[in-house]
Amino acid sequence: MLIDPGSPLTSEGTLAKLRTSTDLGAIRWLVCHHSDPDICAALPRLGEVLTHPEIQVVTEWRANALIRHYGHRFSTDLVEQHD
């Protein structure tokens, strides 16, 4: 799980830190608690390197309405659908 994956400005540093502690293919959930660019605009870049076959963005409906405009390839899991 990666919480608030960050911006394109910091994505290479984030990826470097992740590589020291985990296999990037093991990351299944990208939790985005809101839609600001410093929180989740790196999603398209992460889509190039994260390979888990069931990877999803976990967020709430309002953030998802904006996050999808970043142009990422991930499916979305909305927390409201899970009580």
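Each reported figure results from applying straightforward, stated rules to the coordinates on display, with no laboratory input. Since the model is a prediction, treat every value here as computed from it, not as a measurement. For neighbour counting, all protein chains shown are included, and Cβ atoms are generated from backbone atoms with ideal geometry for every residue, glycine included.
Things to note:
- When region 36-50 is filtered for residues that are crowded, with 19+ Cβ neighbours inside 10 Å and among the β-branched types (V, I, T), only I39 remains.
- For region 62-75, the criterion of a residue being in contact with a Lys or Arg (Cβ under 8 Å, 6 or more places away or on another chain) and of a type in the set (S, T, N, Q) is satisfied by no position.
- Search result, residues across region 4-25 that are in contact (Cβ under 8 Å) with a residue 12 or more places away in the chain, under 16 Å from H52 (Cβ atoms), in a helix (DSSP H, G or I) and of a type outside the set (A, V, I, L, M): G25
- For region 1-35, a tally of residues being surrounded by 15 or more Cβ atoms within 10 Å (Cβ to Cβ) and farther than 21 Å from G71 by Cα returns 1.
- Region 41-69, subset touching a strand residue (DSSP E or B) at 6+ places or on another chain (Cβ under 8 Å) and in a helix (DSSP H, G or I), residue farthest from Q81 (Cα to Cα): L46
- Residue that is nearest to S75 (Cα to Cα) [pool: residues in region 26-35 that are in a loop (DSSP other than H, G, I, E, B), of a type outside the set (S, T, N, Q) and out of contact with any Cys (no Cβ under 7 Å at 6 or more places or on another chain)]: R28
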